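Working notes for the structure below.
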Amino acid sequence: TPDAAARAAYAAVWSRETVLQREFALFGGEFLLTLGAKDLRAWFAAFFAVDEDVWGGFLGGWPGLPGNHHHETRLGRLLFGLALLPRLPPSV
């Protein structure tokens, strides 16, 4: 059926881990929308203070792109978030 074909195509492109990685990025985007200008600047300063391979992989956000291996798993995304925490001012 067309529905089954669409589900199979979606599953082939969007693995569970890829969907979770995208959801993490969307969560981050929603969080950033809640920040004022000062805190947004502080957040981006902290983000870009992390190793370039790590933040670049987050922005790339697709399997096979450089640095993406840092974000392909829940643990990787958790470690990324934890790496930001000590760089953030308390107001963020």
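What to note about this one:
- Length added when fully stretched, residue 17-residue 75, from 0.36 nm per residue minus Cα-Cα: 19.7 nm
- In plain terms, the chain from residue 52 to residue 33 could stretch by 4.5 nm, reckoned as 0.36 nm per residue minus the Cα-Cα distance.
- Percent carbon-and-sulfur accessible area, the chain, ignoring ligands, DNA and RNA, probe 1.4 Å: 67
- Using C-alpha pairs under 8 Å with a sequence gap of at least 6, the mean separation divided by the residue count of the chain gives a relative contact order of 28 percent.
- Probe 1.4 Å, accessible area per residue of the chain, Å²: 68
- Gained length - residue 10 relative to residue 87, 0.36 nm times residue gap less alpha-carbon distance: 24.0 nm
The values are calculated or read from the model by the stated rules, or taken from the named source; none is laboratory data. Note that this is a predicted model, so its numbers are computed, not measured. These accessible areas exclude ligands, DNA and RNA; they are computed on the full protein's heavy atoms, side chains included. Shrake-Rupley method; radii C 1.70, N 1.55, O 1.52, S 1.80 Å.
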